[in-house]
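One structure is given here, and the rest of the page talks about it.
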Amino acid sequence: MKEKLRAYPMVILLLPLVAAILLFIDPPPKYPLRPAPNALQERLYGRLASAGLEGDELATVGALTLGYKEALRKELRQHFQVSGAAHVLAVSGLHTGILYGVIVWLLTLGGRFRPMHENRIGRRTLSLVIIAAMWGYAWLTGMTPSVVRAVVMVTLFEIGRMAYRQAFSLNTIAAAAFLILAARPTDLWSVSFQLSFAATTAIVMGVKAYPLPLTEGKGVLGRIAQFFLGIIMVSLAAQVGTLPITIHYFGQVSTYFLLTNLIVLPIATILVPCGLVSIGLGGSTIGVLFSKLTYDLAWLMNHATGWIEHLPGSSFPAHASEGMVVLYYVLLVLFLLFLPKKST
């Protein structure tokens, strides 16, 4: 127990502060609305349309790749919310993680260009390029709390990599929260901020306690099984971490969130890079080919969430006060602190 408390000093310091602010300090009377799309967002959204995307599929791709949500119909938003896939429409850790992987893959030629990892100058150059690209993407998508959280964490992670240290931990999450709140204190009352940090913290703690089994030497089927097992574990951890916040703000619980994520997340993993390629190539021949694939993936995602929404008992109403939310997290943290770590 004492070792766990010493391991997470930033977390232990932030928890009572956040609880006190949420319970006893009134939020700002006018929380700033989500910023309107900038001119570049509008222009890049137009490139998606010129590449052949249209209708709800265009709106979905615009939301997933650019954070452009103005074209989303109310019914389409409801599909994602009721089915438990609303997090996919909000540019966050999922989208930045996909972009991060694509950038690293391109800069290292699929991992074949080892000097970018092994050479000190190469690694620092790689990290600086990644940090610049991720902050550019954050600006492009409107600097929402969820994407800023993800990019701050990537920045801290890459700074750690430049020093040849492992930087991804609960303390990294707490440090990211501290930096964001120091710059924008009102983000504490943002639903996006609260959901983003609750989900990320729960995922890191869950994976730390019960890491995924390695599938080296088990072939393609083993890696596929690990991929879907990872989706299940991450989805369960995120649901546990965000459940009271979701109930408090939205008054409902999605019953089939696990089924939704098993369908939607693999699609999003392919759709996001294909959508970015479609934006980059526009109406060129290759761009149109990628946009056709992107359209089909968006169509599949939209219809899958719509189908799950109409399943019997897809959601049910629930209510949680601010005090209940804080109590839930206090009990959850205590449980995780006493939870024995899985032996390896």
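The values are calculated or read from the model by the stated rules, or taken from the named source; none is laboratory data. Here the structure is a predicted model, which means the values were calculated and not measured. Because the Cβ atoms are built from the backbone with ideal geometry, glycine has one as well, and the counts that use them run over all protein chains shown.
Quick notes on this structure:
- For segment 225-344, the helices (runs of 4 or more DSSP H) that sit wholly inside it and include 3 or more residues that are under 21 Å from ALA198 (Cα atoms) are 257-281, 322-338.
- Verdict on VAL264 being at pLDDT below 90, closer than 25 Å to VAL61 by Cβ and not basic (Lys, Arg): no
- Among the residues of segment 184-228, the ones that are under 30 Å from HIS248 (Cβ atoms), modelled with pLDDT of 75 or more and aliphatic (A, V, I, L, M) come to 9 in all.
- Among the conditions (1) closer than 22 Å to PHE80 by Cα; (2) among the small types (Gly, Ala, Ser); (3) crowded, with 16+ Cβ neighbours inside 10 Å; (4) touching a residue at least 60 places away in the same chain (Cβ under 8 Å), the only one that SER235 does not satisfy is (4).
- For first residues located in segment 39-53 and under 13 Å from GLY275 (Cβ atoms) and part of a loop (DSSP other than H, G, I, E, B), partners that are at pLDDT below 85 and among the hydrophobic types (A, V, I, L, M, F, W, C) and lie 6+ apart or on another chain with Cβ distances below 7 Å form the pairs ALA51/VAL288; GLY52/VAL288.
- From SER321, SER278, SER314, residue being closer than 30 Å to GLY52 by Cβ, out of contact with any Cys (no Cβ under 7 Å at 6 or more places or on another chain), modelled with pLDDT under 90 and of a type in the set (S, T, N, Q): SER278
- Members of segment 69-84 found to be assigned to a loop (DSSP other than H, G, I, E, B) and surrounded by 24 or more Cβ atoms within 10 Å (Cβ to Cβ), listed by number: GLY84
- Every residue from segment 285-326 that is more than 22 Å from GLY84 (Cα to Cα), touching a residue at least 12 places away in the same chain (Cβ under 8 Å) and surrounded by 14 or more Cβ atoms within 10 Å (Cβ to Cβ): GLY287, VAL288, PHE290, SER291, LYS292, LEU293, VAL326
- Residue, nearest to THR200 (Cα to Cα), within segment 68-105, restricted to residues that are of a type in the set (Gly, Ala, Ser) and in contact with a helix residue (DSSP H, G or I) (Cβ under 7 Å, 6 or more places away or on another chain): GLY93
- Filter pass, THR141 being surrounded by 15 or more Cβ atoms within 10 Å (Cβ to Cβ) and at pLDDT 80 or above: yes
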